[in-house]
Amino acid sequence: MRKLICVIVALIGITVNAKVRLPQFFSDNMVLQQQTECNLWGWTEPGKKVQVITSWDKKSHIVSARKDGRFGVTVKTPKAGGPYSIIFRDGDPVILNNVMIGEVWICSGQSNMEMLMKGYKAQPVEGATEELFSCQDSELRLFYAKRLASLEPQQDLKGTWKEANAASVREFSATAYYFGKALRKALGVPVGLICTAFGGSACEAWMNADWLKIFPKVNQHVTEADVKKLQQRCPTALYNGQLKPLIYDGAHYGIRGAIWYQGEDNVPRYDYYAPLMARMIQGWREDWHQGDFPFYYCQIAPFAYDETDWALYNSAFLREQQEKVESLIPNCRMAVLMDTGIKNVIHPRKKRLAGERLALLALSNTYDVKGLPDFAKYKEVEFKNDTAVVAFDRSKEWVYFEHGSTSDNFEVAGNDKVFHPATKVWVARNRVYVVCDDVKQPVAVRYAFKDWAVGDLMHDGLPVSSFRTDDWVPTPRTKAQVKGDYNNPK
């Protein structure tokens, strides 16, 4: 009897002292999206009333927790500003302080998005030390989610909102940081970055199982054993573990848009990457219930995949697929990184360029900042006798070569489909003229269409993507099988 009484007293004590529990991304120092209806949610005792008070408008919202203890409320946010506080009260209050209202972006992908400002072992980020001297900014807020692959949808992300300073920036995504820094400088409002990335992750891992049904090459019957074995390469595992908490149970963390840096893992499966990624973006938008929010992404940089033991196909085909995504889904643009690669290192050091080019797309297309440059892209080719004349879109400032009047990155083929290096290449306005002495009647031209190349075709200070004018089906390299660690290829 005495034991029973003790148990009852203990349970009563738990009930009396219970407090509202919030996801970790609702905390001190967070940023909420400005001028929108933002969802706030958490857990308490089933049926209990929760009062939510927002200091910016001094409004009080009262909601009741469901049978599972979950409660949610929608609040209207003002123009950018702060700091503010939010009180959650079901008895004892939980108070969030130093909350800012501004622009919120999701930052996701694999290792090149995840890569911290401090770099990887023996793989530093260019200019990181100098950046850490001056990175302190109380209105740039960073949330770095811990890795988690899961078959079951998760309710929370492990992480902490921090103001930008040397300590927090050093442990945050370099690409995302430079993106946020550029927005802060251009817009002059608080910026919040939620980085949820996982090195070596496959695009399929960031997708709901229902979205993958139209892709027969993707494993449709994922098990716990698959998650344990494949982790970040297991279909749906990161959607459930690192994305679902932000869009859980019909609510979503209010955002302006998303940036993405991924693709290296999908090089061996390049052939359906464009529709795969487009379906991922569509699915994210469906889950977020914010319409076609902006989605900007990095094209993978050149790297000598052909010197590894796991890439069966030329990675330029994956870069080509990435460029196609722009035409498959609205409000979506690609940042080109053809001039940032390192031949034998899959993690380019020039993360500032990656972040700033993503910011360039956001500022031009989402925030309507005028006067910024744009990425030109291949449009069409015309063959005049032995000369290929290549034209470009978005090229009003004309294309040019970065290091002189010609380039070694062009190849030409005739009907035999055998490519030869071009012998003469020159530019006139927004046309590139290509001649090969070995191909008298060319039918196809390729630019930097290799695993490794140093991109030198530019427009208004920005590189042009590798491209080909043909649609010939590639043959795999003579590898016995795909193997190895994608993040650290042998």
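The values are calculated or read from the model by the stated rules, or taken from the named source; none is laboratory data. None of the values given here were measured: they were computed from a predicted structure. As a convention, Cβ positions derive from the backbone with ideal geometry for all residues, glycine included, and neighbour counts pool all protein chains shown. Heavy atoms of the whole protein, side chains included, go into the accessibility calculation; ligands, DNA and RNA do not. Shrake-Rupley method; radii C 1.70, N 1.55, O 1.52, S 1.80 Å.
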Would you mind working out the magnitude of the charge dipole of the chain relative to its Cα centre, with +1 at each Lys and Arg C-beta and -1 at each Asp and Glu C-beta, to the nearest 20 Debye? 1540
Rounded to the nearest 10 Å², what accessible area does V20 show when all protein chains are kept and the probe is 1.4 Å? 10
Cα axis of helix 351-365 to longest principal axis of the chain: angle in degrees, 0 to 90, nearest 10? 80
Two pseudo-spin positions, 7 Å from Cα along C-beta at Q51 and at A166, lie apart in nanometres by 4.5
With 0.36 nm assigned to each residue of separation and the Cα-Cα distance removed, A225 to Q35 gains 64.0 nm
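Regarding segment 161-227, what is the average projected area of its C-alpha convex hull, in nm²?
Details: hull surface 28.7 nm².
Over every viewing direction, the Cα hull of segment 161-227 projects on average to 7.2 nm².
Lys and Arg at +1, Asp and Glu at -1: add these up for the other residues within a Cβ distance under 11 Å of Q290 and post the number. If you can, show how the numbers build up before the last one.
Working: positive: R256, R285; negative: E37, E286, D287, D292.
Here the count lands on -2.
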Relative to the compact-globule scaling 2.2 N^0.38 Å, provide the ratio for the alpha-carbon radius of gyration of the chain. 1.09
Using alpha carbons only, how many angstrom separate the centre of segment 338-395 from the centre of segment 190-224? 26
Pairwise over distinct Cα atoms, reciprocal of the mean inverse distance: report the Kirkwood radius of segment 50-170 in Å, one decimal place. 17.6
How large is the accessible surface of R256 in square angstrom, using a 1.4 angstrom probe and rounding to the nearest 10? 80
Taking the Cα atoms only, what angle lies between the long axis of helix 273-288 and the longest principal axis of the chain, rounded to 10 degrees? 20
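Counting only protein heavy atoms, what percent of the accessible surface of segment 385-440 is carbon or sulfur at a 1.4 Å probe?
Numbers: 1450 of 3280 Å².
Carbon and sulfur together cover 44 percent of it.
Between E130 and D309, 0.36 nm times their residue separation minus their Cα-Cα distance comes to what? Working shown, then result.
Details: separation 179, 0.36 × 179 = 64.44 nm, distance 3.64 nm.
Net length gain for the segment: 60.8 nm.
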How large is ³J(HN,Hα) for each residue in segment 237-245, as worked out from phi by the Karplus curve 6.51 cos²θ - 1.76 cosθ + 1.60 (θ = phi - 60°), to whole Hz, x for Gly and Pro? 5, 8, 4, 6, x, 10, 10, 4, x
Which value, in Å² and to the nearest 10, is the accessible area of F143 when all protein chains are kept and the probe is 1.4 Å? 0
Once both label points are put 7 Å beyond Cα along the C-beta direction, the D393-Q24 separation in nm becomes 4.2
Could you state the angle between the C-alpha long axis of helix 316-328 and the longest principal axis of the C-alpha atoms of the chain, as a value from 0 to 90 degrees rounded to the nearest 10? 60
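Taking the Cβ of G241 as the centre, find all other residues whose Cβ is under 11 Å away and add up their charges (Lys, Arg: +1; Asp, Glu: -1). Intermediate results must be reported in sequence, preceding the final value.
Working: positive: K146, R147, K158, K244; negative: E152, D156.
Once positives and negatives cancel, what remains is +2.
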Which one, N165, M117, A80, projects farthest toward the positive side of the charge dipole computed for segment 54-183 from Cβ point charges (K/R +1, D/E -1)? A80
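Given a Förster distance of 25 angstrom, what is the FRET efficiency for S85 paired with A186, based on the Cβ-Cβ distance and rounded to 0.05?
Working from the Cβ atoms, E equals 0.35.
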Treating the beta-carbon of each Lys and Arg as +1 and of each Asp and Glu as -1, no other charges, what is the dipole magnitude of segment 208-343 about its Cα centre, to the nearest 20 debye? 200
If every Lys and Arg gets +1 and every Asp and Glu gets -1 at its Cβ, then about the Cα centre segment 337-399 yields a dipole, in debye to the nearest 20, of 400
Tell me, how many Å apart are the Cα centres for segment 459-474 and for segment 241-306? 22
